[in-house]
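Below is one structure, written out as structure tokens; the observations come after it.
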Amino acid sequence: MFFAFKEWLHANSHGSFAMGSWDRVPRRKYHGQWISRALGRANPEHLLLDILERHCVTESHQEPLVDFDFGQGPGISGAALLQSFRAEPFPRWIYNLNNGKSELTRSFHFITEKGAEGIEFEYELSPMSSPVELSLEPLFTIRNVHALTQENLALDGTIEKVGKPKNGRNNGSQTTYSFKPYDDLSSFNIVLSCDHRLELLGSWYRNFFYVEEQERGYPDREDCFCPARFYVKMSPGTKFSMRFILAEEERPSGTTVVRKGVSASPSPLAGEHSDFFRDLSSALNIYVYQDCKHPGFEGLIAGYPWFSAWARDTFISLPGVSLSWNDPKRAMHLLQSWAPNVERQLFEKKSESNMLDLNCSGLDSPLLWGAALRFLLEEHPLKTPQNNPLATELITTLERWILLFFHGECSLVEITDFGFFCKRGNYATSWMDACVDAIPVTPRHGYPIDINTLFFENMDFLLRHQAHLKAGTARLFKNYLEKVCITYAANLWVVERSFIGDGHDGLNLDGSLRPNQLWALRSKLEIFSREQALASLQILTEELLTPVGLRTLSPKDSRYAGQYRGDQARRDRSYHQGTVWPWLIGIYTEAAIKYWDVSKVKTTLAPVFTAIERHFYEEGCIGQISEIFDGDQPHTPRGAPAQAWSVAETLRALWLIENLKS
């Protein structure tokens with residue numbers, strides 16, 4: 001059976017993951033059966049590419065169940081035997097062997113055993129099948145997830161049996177082998193649950209080729225190490241498992257499948273996209289993780305396979321995630337646990353709290369944190385009482401951060417009578433953070449529209465909860481907003497084309513047509529007149545809206561780049577210069593609802609939800625939404641194939657639409 005290049009993704013509660021193509025051909029260096037965050041290193045460790053399985057038809061003839069590409073295109077033997085694939089609840093492949101006389105099911109999931117992380121492969125032969133013999137060769141990589149492995153002498157290929165079966169034979173009892181490839185890495189336990197024969201190999205398999213890395217301009221060849229080959233004979237109706245376990249930090253417990261922790265189920269939608277909403281809610285669960293080294297800390301992986309936990313992505317995603325949890329309290333606890341890290345990195349404050357290696361350095365991080373808090377307290381369908389102690393603590397934290405900005409405690413920011421001034425330097429001020437040769441492509445220094453709007457509306461939000469504010473703070477915020485909003489709005493209007501500009505450097509208006517003005521259009525704080533807002537929303541819709549999100553720059557701009565392709569430098573130059581980002585559909589939906597009637601909102605957004613839903617179920621990483629798309633048609637999906645804020649903001653936009661009153 002032919003399988004197009006569609007991907008699957010599976011993760012555990014600590015952010016360790018597995019990812020690959022439906023047909024099991026690894027096309028990225030990030031494809032693999034075990035990419036682990038359990039080792040507590042700065043980047044995940046890519047441990048196991050796959051298991052090379054062969055069906056031993058005769059002594060001299062074997063059929064591989066998995067194909068690889070060594071530079072001349074992938075093989076077709078495994079694909080010819082593969083009958084079907086299913087990604088949920090665990091990845092599962094079904095093979096037809098012996099000319100269709102035998103049906104073999106192979107499944108995969110994460111486990112914990114005695115407190116240690118592991119993975120388990122299960123093989124089951126259907127009752128009506130002919131007998132089958134398999135050979136299994138685990139292919140180890142053991143590297144930083146962003147790197148590649150080459151044959152090396154440092155690897156120790158010794159594999160040893162741990163303990164002995166009672167009668168000296170592997171007669172169906174569990175057998176454990178130990179493999180410690182490097183001195184600075186824990187041992188692996190390889191556990192088989194069945195009778196088997198072991199053949200020691202200690203072999204390097206060379207020149208695995210990853211076509212997607214070649215396309216992206218990265219090194220694309222890798223060697224994998226196989227310590228041994230395991231032979232297993234299967235009778236009809238039998239099954240066995242093969243487990244790989246990190247033998248470290250063992251704590252008494254049984255072997256359990258690692259599943260994500262969940263809150264209450266989301267309130268179902270009644271509209272035409274009810275199934276899509278339910279599946280988006282389920283898809284978000286894969287990004288939520290608990291830190292291995294810091295119990296109690298919960299975060300969001302920004303995207304798979306190459307991103308980690310970033311503050312900006314977490315806080316933009318959190319409203320949608322909280323809807324999927326149906327639990328604003330859990331989301332507020334997440335904000336509480338991130339707060340010390342944000343404060344340390346932005347305001348250079350020392351804290352005795354246990355800090356994590358998190359990216360909270362964006363100038364918008366504390367402001368987006370505040371926007372997420374505002375949603376949880378004012379818009380989430382499950383209301384939080386005004387006197388809730390946790391809510392009071394978080395409001396006080398946001399108040400402190402705004403005052404720290406006023407007091408000059410962030411060295412990159414100055415609060416002026418014009419607004420929130422981002423000082424010049426070799427850094428990107430906002431989510432448009434791509435750099436080439438350490439120079440930002442879209443620096444947006446000065447008074448960017450999104451950051452200023454967030455700064456203003458956070459003060460406006462705090463004034464609505466001024467019972468919690470310190471004496472004098474409410475007066476400061478009120479007086480500042482009354483003065484600054486008029487000045488800011490007057491200087492951000494692009495008269496020639498009638499829309500809100502992208503920012504101001506203190507001397508000149510940036511008249512670029514970008515989606516960042518949506519933060520102002522959606523805000524409860526009325527910064528611009530209704531006439532200005534309607535004109536701006538109209539031209540933004542005409543030039544930026546696509547079926548899969550919003551372009552980051554108008555095609556009429558000479559800097560517009562309609563395709564996100566090439567090496568890293570070329571891709572980074574186009575990252576925010578026309579490339580479509582689906583997460584922007586959330587704030588676009590808010591703006592549309594604010595200014596348009598229900599009929600126009602639904603008519604405009606219907607083709608967007610239809611296209612994103614088709615992508616979710618049929619393209620890329622199935623059951624996820626890509627990070628970005630080309631600005632030009634046909635809007636090919638690009639970037640990370642699974643991105644948290646793409647999923648979260650699509651879910652929130654659907655929730656907003658379905659809760660509109662006709």
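The values are calculated or read from the model by the stated rules, or taken from the named source; none is laboratory data. On a predicted model such as this, the values are computed, not experimentally measured, just so you know. Virtual Cβ from ideal backbone geometry, glycine too; neighbours counted across all protein chains shown. For the accessible areas, the whole protein counts, side chains as well, though only heavy atoms, and no ligand, DNA or RNA atoms are used. Shrake-Rupley method; radii C 1.70, N 1.55, O 1.52, S 1.80 Å.
Hey, can you tell me all the residues within the range 188-219 that are within 22 Å of TYR30 (Cα to Cα), open to solvent by less than 30 Å² (accessible area, probe 1.4 Å) and outside any strand (DSSP E or B)?
TYR210, GLU213
Test ALA87 against the criterion of being aliphatic (A, V, I, L, M) and open to solvent by 20 Å² or more (accessible area, probe 1.4 Å), and give yes or no.
On the way: aliphatic (A, V, I, L, M): yes; open to solvent by 20 Å² or more (accessible area, probe 1.4 Å): yes.
So ALA87 fits the description; yes.
What number of residues within the range 433-472 are open to solvent by 20 Å² or more (accessible area, probe 1.4 Å) and under 16 Å from PRO515 (Cα atoms)?
Counting residues in the range 433-472 that are open to solvent by 20 Å² or more (accessible area, probe 1.4 Å) and under 16 Å from PRO515 (Cα atoms) gives 3.
Being of a type in the set (A, V, I, L, M), in contact with a Phe, Trp or Tyr (Cβ under 6 Å, 6 or more places away or on another chain) and under 16 Å from ASP572 (Cα atoms): is that true of ALA438 here?
Criteria not met by ALA438.
Given the options LEU525, LEU469, LEU521, LEU463, name the one that is free of Cβ contacts under 8 Å to residues at least 40 places away in the same chain and hydrophobic (A, V, I, L, M, F, W, C).
When all the criteria are applied, what remains is LEU463.
Do you know which residues across the range 296-331 are of a type outside the set (A, V, I, L, M, F, W, C), in a helix (DSSP H, G or I), more than 28 Å from ARG638 (Cα to Cα) and free of Cβ contacts under 8 Å to residues at least 60 places away in the same chain?
The one that is of a type outside the set (A, V, I, L, M, F, W, C), in a helix (DSSP H, G or I), more than 28 Å from ARG638 (Cα to Cα) and free of Cβ contacts under 8 Å to residues at least 60 places away in the same chain: PRO328.
Tell me which residues, restricted to the range 549-565, are crowded, with 23+ Cβ neighbours inside 10 Å, under 28 Å from GLU457 (Cα atoms) and touching a helix residue (DSSP H, G or I) at 6+ places or on another chain (Cβ under 7 Å).
Passing the criteria: GLY549, LEU550, THR552.
Just need a number here: residues in the range 9-24 that are farther than 18 Å from ARG243 by Cα and crowded, with 23+ Cβ neighbours inside 10 Å.
Residues flagged as farther than 18 Å from ARG243 by Cα and crowded, with 23+ Cβ neighbours inside 10 Å within the range 9-24 amount to 3.
Could you grab me the full set of residues in the range 110-141 that are open to solvent by less than 20 Å² (accessible area, probe 1.4 Å) and hydrophobic (A, V, I, L, M, F, W, C)?
PHE110, ILE111, ALA116, ILE119, PHE121, LEU125, VAL132, LEU134, LEU136, LEU139, PHE140
All but one of (1) open to solvent by 10 Å² or more (accessible area, probe 1.4 Å); (2) within 28 Å of GLY639 (Cβ to Cβ); (3) touching a residue at least 12 places away in the same chain (Cβ under 8 Å) hold for LYS293; which doesn't?
Condition (2) is where LYS293 drops out.
Could you please give the count of residues in the range 67-84 that are of a type outside the set (S, T, N, Q) and closer than 13 Å to LEU97 by Cα?
So the answer is 5.
Provide a single number: the residues in the range 354-411 that are assigned to a loop (DSSP other than H, G, I, E, B), over 24 Å from the mean Cα position of the chain (by Cα) and of a type in the set (D, E, K, R).
So the count comes out to 3.
Can you confirm whether the range 574-584 contains a residue that is touching a Ser or Thr at 6+ places or on another chain (Cβ under 9 Å) and under 20 Å from LYS6 (Cβ atoms)?
Yes; the residues of the range 574-584 include at least one that is touching a Ser or Thr at 6+ places or on another chain (Cβ under 9 Å) and under 20 Å from LYS6 (Cβ atoms).
Which members of the range 605-636 meet the condition of being of a type outside the set (A, V, I, L, M, F, W, C) and open to solvent by less than 40 Å² (accessible area, probe 1.4 Å)?
HIS615, GLY620, GLY623, GLN624, SER626, GLU627, ASP630, GLY631, HIS635
Per-residue answers, yes or no, for (1) under 30 Å from ASN144 (Cα atoms); (2) aliphatic (A, V, I, L, M); (3) open to solvent by 40 Å² or more (accessible area, probe 1.4 Å):
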position	(1), (2), (3)
PHE307	yes, no, no
LEU318	yes, yes, no
ALA331	no, yes, no
GLU343	yes, no, no
ALA372	no, yes, no
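Are any of the residues in the range 93-109 within 24 Å of ALA283 (Cβ to Cβ) and open to solvent by 30 Å² or more (accessible area, probe 1.4 Å)? Full working, then the answer.
Initially, the range 93-109 is screened for residues within 24 Å of ALA283 (Cβ to Cβ), giving 93-94, 106-109.
Okay, now just the ones that are also open to solvent by 30 Å² or more (accessible area, probe 1.4 Å), so none.
For the range 93-109, residues within 24 Å of ALA283 (Cβ to Cβ) and open to solvent by 30 Å² or more (accessible area, probe 1.4 Å): absent.
Is the range 446-455 home to any residue that is more than 24 Å from GLN532 (Cβ to Cβ) and in contact (Cβ under 8 Å) with a residue 12 or more places away in the chain?
Within the range 446-455, none of the residues are more than 24 Å from GLN532 (Cβ to Cβ) and in contact (Cβ under 8 Å) with a residue 12 or more places away in the chain.
It is to be established whether one or more residues within the range 28-46 are in contact (Cβ under 8 Å) with a residue 24 or more places away in the chain, polar (S, T, N, Q), open to solvent by 30 Å² or more (accessible area, probe 1.4 Å) and more than 19 Å from GLY303 (Cα to Cα).
Taking every residue of the range 28-46 in turn, none turns out to be in contact (Cβ under 8 Å) with a residue 24 or more places away in the chain, polar (S, T, N, Q), open to solvent by 30 Å² or more (accessible area, probe 1.4 Å) and more than 19 Å from GLY303 (Cα to Cα).
Could you list all residues from the range 496-518 that are under 25 Å from THR546 (Cα atoms) and either of a type in the set (Asp, Glu) or open to solvent by 20 Å² or more (accessible area, probe 1.4 Å) (or both)? Before you say what the answer is, go through the steps one by one.
Taking the range 496-518 first, the residues under 25 Å from THR546 (Cα atoms) are 496-503, 510-518.
If the condition is that a residue be under 25 Å from THR546 (Cα atoms) and either of a type in the set (Asp, Glu) or open to solvent by 20 Å² or more (accessible area, probe 1.4 Å) (or both), then GLU496, ARG497, SER498, ASP502, ASP510, GLY511 are the ones that fit.
With TRP645, TRP581 as the choices, which residue is among the aromatic types (Phe, Trp, Tyr), in contact with a strand residue (DSSP E or B) (Cβ under 6 Å, 6 or more places away or on another chain) and either touching a residue at least 24 places away in the same chain (Cβ under 8 Å) or open to solvent by 30 Å² or more (accessible area, probe 1.4 Å) (or both)?
Answer to the selection: TRP581.
Which of the residues spanning the range 587-604 are open to solvent by less than 10 Å² (accessible area, probe 1.4 Å) and touching a Phe, Trp or Tyr at 6+ places or on another chain (Cβ under 8 Å)?
To start, the set of residues in the range 587-604 that are open to solvent by less than 10 Å² (accessible area, probe 1.4 Å) comprises 587-589, 591-592, 601.
Correct list: ILE587 only.
Please count how many residues of the range 128-154 are closer than 22 Å to TYR177 by Cβ, in a strand (DSSP E or B) and over 31 Å from the mean Cα position of the chain (by Cα).
Residues meeting the conditions: 4.
Looking for whichever is surrounded by fewer than 15 Cβ atoms within 10 Å (Cβ to Cβ) and in contact with a His (Cβ under 6 Å, 6 or more places away or on another chain) here; the options are ARG475, ARG424. Which one fits?
Matching residue, one of ARG475, ARG424: ARG424.
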